[in-house]
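The values are calculated or read from the model by the stated rules, or taken from the named source; none is laboratory data. Keep in mind it's a predicted model, so treat the numbers as computed, not measured. Cβ: placed from backbone, ideal geometry, glycine included. Neighbour counts: every protein chain shown. Keep in mind that these areas ignore ligands, DNA and RNA; they rest on the heavy atoms of the full protein, side chains included. Shrake-Rupley method; radii C 1.70, N 1.55, O 1.52, S 1.80 Å.
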Amino acid sequence: MDEVIIGLNNKTTYRFFTLSRFILFLIIFRVLFLPTTSNSQNDTAIEKVGFNKKYLVSYWKDTKIIVSTPFHWKLKQWSVFAGVVGIAAVTYIYDEEIYNAFQRNRNETTDAISKYAIEPWGSGLYSISLLGVIYLTGHNNNHHKNVALTGLKAYLLSGGASFVFKHLFHRHRPGDSSPPNPYLWEGPYPFTTDYTSFPSGHTTTAFAIASVLAQGYKDKLWIGLTSYSVATLVGLSRINDGKHWASDVVVGAALGTFIGTVLSRINFNERSNLSLNPAAFQGGYGINLTYRLD
């Protein structure tokens, strides 16, 4: 049987995703900034929000809260943490198989999708631009400005946390050894930029910003679902591109969600609608993801 291959050349693919990104941006811009009653009420109740000295000082204060939060966890939070560690451990066992499966299905189209449509959300090119648009178009709307500034804070702090962990563990990336070996770790040693696979920085920042957007606009469920979906695609793209192992992505997603959620609770002073709980299923255990509708 003859094999038929349908594909897109690089020029056509680039034009397609450029148009797609432009249309998606217009949709987000139009829907996201429809005024809501709750936002206008908040603006009259709190002081003006902006990129000022108070905001810069908040980085240090919020960092201390993030670092100290696990020391105040109760049984429920530790159970969730144990569940995440379990999922990461199972993923780690199958890292090589997962990576090989992605590489077998990798082609010019998946690379183009990753390069032009997905990866920039993790690197900050698209995500920071979106936060800038939210801030600038918010005008005197404190809520929009608060979301944008908290999102920027989440990006920077989660990126910093990822950097620290990378240099504590120094895990080999898939391309650092031949053949790729997911079980090579060099441990903490300073003054080198080698072996920085664990965790995925792109995934960490993508989930941190997604958590802030989901909490900041929790009255618009589609924003939370879209944000987390894009963040998930960022993680998958890192495996497709051969930059990370699947366990790097899982840990990055958990780390980013944790940082983004804590920052949202601090800066929005609201309880999270998104909850993660251990759950027993037929034939095994896992995590139950629940989104609360108010």
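In table form, for the structure just shown:
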read-out	value
Under 11 Å, Cβ to Cβ, from Ser237 - net charge with Lys/Arg +1 and Asp/Glu -1	+1
Estimated distance in nm for a label pair at Asn140 and Leu168, the labels positioned 7 Å out from Cα along Cα-to-Cβ	4.6
FRET efficiency, Trp60 to Phe81 (Cβ-Cβ, R0 30 Å, nearest 0.05)	0.75
Percent carbon-and-sulfur accessible area, region 86-131, ignoring ligands, DNA and RNA, probe 1.4 Å	61
Cα pair distances of region 144-232 binned at 5 Å [whole percent]	3, 15, 18, 17, 14, 11, 10, 7, 4, 1
Which listed pairs, of Lys76/Lys218; Lys61/Lys166; Lys64/Lys166; Lys166/Lys220, have C-alpha distances above 28 Å, in listed order	Lys166/Lys220
Net charge contributed by nearby residues that have their C-beta within less than 12 Å of Gly159 (K/R +1, D/E -1)	+2
Arg171 long-range amide H proximity, modeled H, under 5 Å	Glu186, Ser197, Phe198
